[in-house]
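Some notes on the structure that comes next.
The values are calculated or read from the model by the stated rules, or taken from the named source; none is laboratory data. All of these numbers come straight from a predicted model, not from anything done at the bench. Note that we place each Cβ from the backbone using ideal geometry, even for glycine, and neighbour counts take in every protein chain shown.
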Amino acid sequence: MENKEPRIIIATDCGSTTTKAILIEKKGDTYRQTFRGEAPTTVEAPFEDVTKGVLNAITEVEELSGRKILDGERIITPADGNTGVDVYVSTSSAGGGLQMMVAGAVKAMTGESAQRCALGAGAIVMDVLASNDGRADHEKIERIRQLRPDMMLLSGGTDGGTVTHVVELAQFLKAADPKPRLGASYKLPVIYAGNNKARPQIEEILGDRTALIVTENLRPVLERENLMPARHKIHDIFLEHVMQQAPGYPKLMKMVGAPIMPTPAAVGTMTEKFAKANNFNVLAVDIGGATTDVFSVFTEVFNRTVSANLGMSYSISNVMAEAGLPNLLRWLPFDLDEQDLRNRLKNKMIRPTTIPQTVEELQVEHAVSREALRLAFEQHKALAVGLKGVQQERSISDAFDQTSSGQSLIKLMDLDYIIGSGGILAHSPRRTQSMMMMIDAYQPEGVTMFAVDSIFMMPHLGVLSQISEKAALDVFYHDCLVRLGTCVAPKGLAKEGANILDWELAPEGGKPVSGTLRFGELLHLPFAEARGKLMLKPAKGFDVGAGPGNAREAKCEGGQVGLVLDGRGRPFELPKAHSKRIAELNKWYKAMELYPA
Amino acid sequence: MAHAYTPGLKVIPCTVLRKRRVLPIPGKVLASEGQEVPATDVVAQTELPGKVFPVNIANRLSVTAGEIPAFLLKKVGDPVKKGEIVAENRPFIKWFKTSVESPVTGTVDSVSDVTGQMLLREPPKVLPLLSYIKGKVVEVHPNFGVTVETEGTFIQGIFGIGGETNGPIAMAVETPDEELTPEHIKDEHRGRIVIGGKHAGLATIKRAIEAGVHAIVVGGIHDRDLRQILGYDIGVAVTGTEKIGLTLIVTEGFGMIPMADYTFKLLASRNGENASVSGATQIRAGVMRPEIIVPGYPKDVKECKREEGRGWIEPGDPVRIIREPHFGTIGTVLSLPPELTKCASESHVRVLEVQLADGTKLTVPRANIEVLEK
């Protein structure tokens, strides 16, 4: 691809079930997504060639746009009039995505750093091994044998420090002789990103049996992570080894104008670009059928977790097992027998492509979604932490504060923006449903803006940003994000009915509105203007971001839902008494016009 | 014209089936092309490397890792028995002697003067691979296995637990909407594939395990009972390795759902004949459904279906409704309107019109049906 900016771009995302193609065209000075197509992904038998699904999806774009993009199986480049495109880019999570096993010397230090490194590269982490992970040595070896990762990341020891633990892990790895998932005959790629003093021994133990790649230590000193070199190697190996073995990918790799990215890595990239361009703290979530990915950018630190066990169809039973039936039932404004709920969820698990036809079925799915989002967020907060094992300079007051290293970076009061994607959030019949699922799951505090990714375009835009950041951001703002609006949630608790907030909203170019929020209330106002200003005066003991009892002015966005004033308290607890809980749920759902009457 | 792929389950009186039987790692193929094999024949075999057990010699003898070679009584490749001494010190005073014994019988796999560990490996385990179905070997995959072909009845279930097994079919109930109770399970059902009706509960399954039944096939099961049987909640639908004492196959779904009449009658027509069944289910990344295979032609069937199903729906097709309301109901497709229709949940979806046996007409989202391929 030459230096000049592309004008016409075709981008695909090869998901596990469907391959989605979007056409992006430069209109004047702005890039816009103009057409999209979709086709079933073709990695499984009988097709076993991912490019077939790609060509089918692009064919649909051709039919809708009238632009000839394909010449047989070749993408026509560059664009010329109504023919061809300037560049083709793609992401992929087909075939289960990139699955890795990581190992570190100490679970909470190099083990966790290795985990963050792999997750940031877009991988699903199948297991984290560490010398002190509580398993017997032979169990660790057996575990390595059972799992069939695409590659392994081995770390351990700061540079120049002790080599024993990491050499021991290497010996276990050699003894286990793990087989890679794809391609029974090729060597398992192993990235060594640990103590540089141990490199000779690691090479001696693993050099023959594995495709060993040595890179910089991802935790050279306890006080600092150095994840990027290992992340780059993961990405390189993903393309060279893993993708080469996946059906049709060698062909796909020749078609693209930029390296193929794992889908979650691309979504993460787009989240980061959005956060940095606006100086926001951002939380993005993609809740799919099998997994839930959570991305955050807080104080410019990017983190990603994959809850590979939480999803809305394939993993729906896991959500039930992890959350427990009472936590699911608590969101339903009607009675449902436990046995009935169990059977419904299992039936969705075994027939994952079905959709809720009745309001009751929809409410059950939304209850599950709240719990899946909540649990995935808990897992994310636990990993998005300051580095553990780091000596901190403490003053006397710090010591009384009892803070320690390893605190979560995620502070809800400082969260500016939440972006949701995945079927249940992007395709809910009413946008209020999507916003409420996220509000209930995350319990944002202060002032938080919400949006959904309308058609799961973030992967395409993330990989496109490698070539043109402007194109990616233009389409993100104009076509990808469906703005839902803003939620104001004072932090604090009070008696039912007590005044907790005086508020005023001044929409840009619209009439100001104002009112008082009472404890236990949920208020919903239409607010469709792009921008507005909020003037908030919380009652004593309540905090909206400027400290308890302090007034605050804040910018906000309107959207398809509008302004939501959440007076249910933080931390928010549903009433324990059954009839009160159902009455409150019905009251709130009615206030939000969540479901048809 | 584009056709959206529609999922379906096969319930076919007679079709040609090929099963690829391959080892997970290279081994020895024991059958040859053209050979007729019964279901229980071993067609290939391999050895799984033994489990590895580390012993930290340095720690046990209180020496540095670099010093351990001087204390070893065994070297790499030597066989060892459980309890045999593999290393010991030679102190001046005999009372201070420390010996390190092998925790397992096997061989010395490796010794490290960096970690001070000795890795001991148990003997390899033989892994036989059965033919699983009675048929003819039509292809040999060198060092890995064979493909076996047969003609016969093929029925897919929607969910199962437990692995491969076989035995004669035994109809234990009269109608597909009858519940399979413990009283239906008789001593003569030992080694059989027992066919029930709408449901088998916990007590029935326990009785069947006691009686030595090889498999149960029913319309529905309650998830609560499944949890009791397994001892845990199934998180994702990847099954086949459970060892509860039998294989369980559900044809309709979770709950009390009568087995589809067509499926029930087809199984009844093969009563007493040997079947190969598997409960293995995998919903994604290479979908697998539990299955019942009965080699040979059913009575009154002269022809075996050879072509693959269409894969999409057309008016006249039999379908099963697979979501509330009307879960489990079987009907026939009347029409496929192309326009999006708003359903009660307010989603705009493509629908189809289904006619039930009693003449009732229903409008159902296309995503909420599955085709019954006959």
Completion exercise
Per the list (1) among the hydrophobic types (A, V, I, L, M, F, W, C); (2) within 13 Å of chain A (Cβ to nearest Cβ); (3) closer than 30 Å to residue B:216 by Cβ; (4) over 33 Å from the mean Cα position of the chain (by Cα), residue check on residue B:362 breaks on (3)
Problem - Every pair of residues 6+ apart whose Cβ atoms lie under 6 Å, when the first sits in the range A:429-452 and is assigned to a helix (DSSP H, G or I) while the second is among the hydroxyl-bearing types (Ser, Thr, Tyr) - result: A:434/A:428; A:437/A:369
Exercise for the section: Name the one entry in A:67, A:32 that is among the charged types (D, E, K, R), at pLDDT 95 or above, within 26 Å of residue A:297 (Cα to Cα) and outside the structural domain of residue A:147 (by TED's automatic domain parsing). Expected result: A:32
Exercise for the section: Name the one entry in A:133, A:137 that is outside the structural domain of residue A:466 (by TED's automatic domain parsing), out of contact with any helix residue (DSSP H, G or I) (no Cβ under 6 Å at 6 or more places or on another chain) and more than 29 Å from residue A:13 (Cα to Cα). Expected result: A:137
Practice task
Go through the range A:35-67 and give me each residue that's among the polar types (S, T, N, Q) and more than 20 Å from residue A:256 (Cα to Cα).
Solution key: A:65
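Could you please let me know if residue A:576 is assigned by TED's automatic domain parsing to the domain that holds residue A:331 and either at pLDDT below 95 or touching a Cys at 6+ places or on another chain (Cβ under 7 Å) (or both)? First the steps, then the outcome.
Numbers: assigned by TED's automatic domain parsing to the domain that holds residue A:331: yes; either at pLDDT below 95 or touching a Cys at 6+ places or on another chain (Cβ under 7 Å) (or both): yes.
When the stated conditions are applied, residue A:576 passes them.
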Practice task
Check whether at least one residue in the range B:210-227 is in a loop (DSSP other than H, G, I, E, B), of a type in the set (Val, Ile, Thr), crowded, with 19+ Cβ neighbours inside 10 Å and more than 10 Å from every other protein chain (Cβ to nearest Cβ), and report yes or no.
Solution key: yes
Exercise for the section: For residues that are farther than 21 Å from residue A:430 by Cβ and surrounded by 16 or more Cβ atoms within 10 Å (Cβ to Cβ), tally how many sit in the range B:321-374. Expected result: 20
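I'd like to know if the range A:47-54 contains one or more residues that are within 14 Å of chain B (Cβ to nearest Cβ), in contact with a helix residue (DSSP H, G or I) (Cβ under 7 Å, 6 or more places away or on another chain) and under 26 Å from residue A:308 (Cβ atoms). Outline the logic, then answer.
First, the residues of the range A:47-54 that are within 14 Å of chain B (Cβ to nearest Cβ): A:47-48, A:50, A:52-53.
Pick out the ones that are also in contact with a helix residue (DSSP H, G or I) (Cβ under 7 Å, 6 or more places away or on another chain) and you get A:50.
Then drop every residue that is not under 26 Å from residue A:308 (Cβ atoms), which leaves A:50.
Yes - at least one qualifying residue is present in the range A:47-54.
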Exercise for the section: Mind listing just one residue for me: the one in the range A:266-314 that is without any contact (Cβ under 8 Å) to a residue 40 or more places away in the chain and assigned to a loop (DSSP other than H, G, I, E, B) and, of those, farthest from residue B:239 (Cα to Cα)? Expected result: A:279
Fill in the blank from the handout: Note on residue B:115: of the conditions (1) touching a helix residue (DSSP H, G or I) at 6+ places or on another chain (Cβ under 6 Å); (2) polar (S, T, N, Q); (3) away from chain A (no Cβ under 14 Å), unmet is (3)
Exercise for the section: Sort through A:34, A:59, A:18 and tell me the only one that's touching an Asp or Glu at 6+ places or on another chain (Cβ under 6 Å), surrounded by fewer than 19 Cβ atoms within 10 Å (Cβ to Cβ) and over 15 Å from residue A:93 (Cβ atoms). Expected result: A:34
Handout entry: In the range A:422-438, the residues that are touching a Phe, Trp or Tyr at 6+ places or on another chain (Cβ under 7 Å) and away from chain B (no Cβ under 13 Å)
Key = A:435, A:438
Practice task
Scan the range A:250-281 for residues that are closer than 17 Å to residue A:418 by Cβ and among the aliphatic types (A, V, I, L, M) and report the count.
Solution key: 4
Completion exercise
Of the residues in the range A:294-352, those that are more than 9 Å from chain B (Cβ to nearest Cβ) and among the basic types (Lys, Arg) come to A:304, A:330
Exercise for the section: Looking only at the range A:359-368, decide whether some residue is more than 12 Å from every other protein chain (Cβ to nearest Cβ) and not in a loop (DSSP other than H, G, I, E, B). Expected result: yes
Practice task
Filter the range B:20-39 for residues that are at pLDDT 95 or above, surrounded by fewer than 20 Cβ atoms within 10 Å (Cβ to Cβ) and either under 17 Å from residue B:288 (Cβ atoms) or not acidic (Asp, Glu) (or both) and give the result.
Solution key: B:28, B:30, B:32, B:34, B:35, B:38
Fill in the blank from the handout: Exception for residue B:50 within (1) under 23 Å from the mean Cα position of the chain (by Cα); (2) within 14 Å of chain A (Cβ to nearest Cβ); (3) part of a loop (DSSP other than H, G, I, E, B) falls at (1)
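Count, please, the residues in the range A:343-366 that happen to be under 16 Å from residue A:585 (Cβ atoms), under 26 Å from the mean Cα position of the chain (by Cα) and not acidic (Asp, Glu). Please lay out each step first, then the result.
Let us first name the residues in the range A:343-366 that are under 16 Å from residue A:585 (Cβ atoms), namely A:359-360, A:362-366.
Next cut, under 26 Å from the mean Cα position of the chain (by Cα) only: A:362-366.
Okay, now just the ones that are also not acidic (Asp, Glu), so A:362-364, A:366.
Here the count works out to 4.
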Practice task
Please find, among B:31, B:58, B:44, B:70, the residue that is part of a loop (DSSP other than H, G, I, E, B) and either of a type in the set (Gly, Ala, Ser) or more than 21 Å from residue A:201 (Cα to Cα) (or both).
Solution key: B:31
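Matching residues to (1) part of a helix (DSSP H, G or I); (2) over 30 Å from residue A:25 (Cα atoms); (3) within 14 Å of another protein chain (Cβ to nearest Cβ):
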site	(1), (2), (3)
A:91	no, no, no
A:103	no, yes, no
A:117	yes, yes, no
A:124	no, yes, yes
A:135	no, yes, yes
A:141	yes, yes, yes
A:149	no, yes, no
A:171	yes, yes, yes
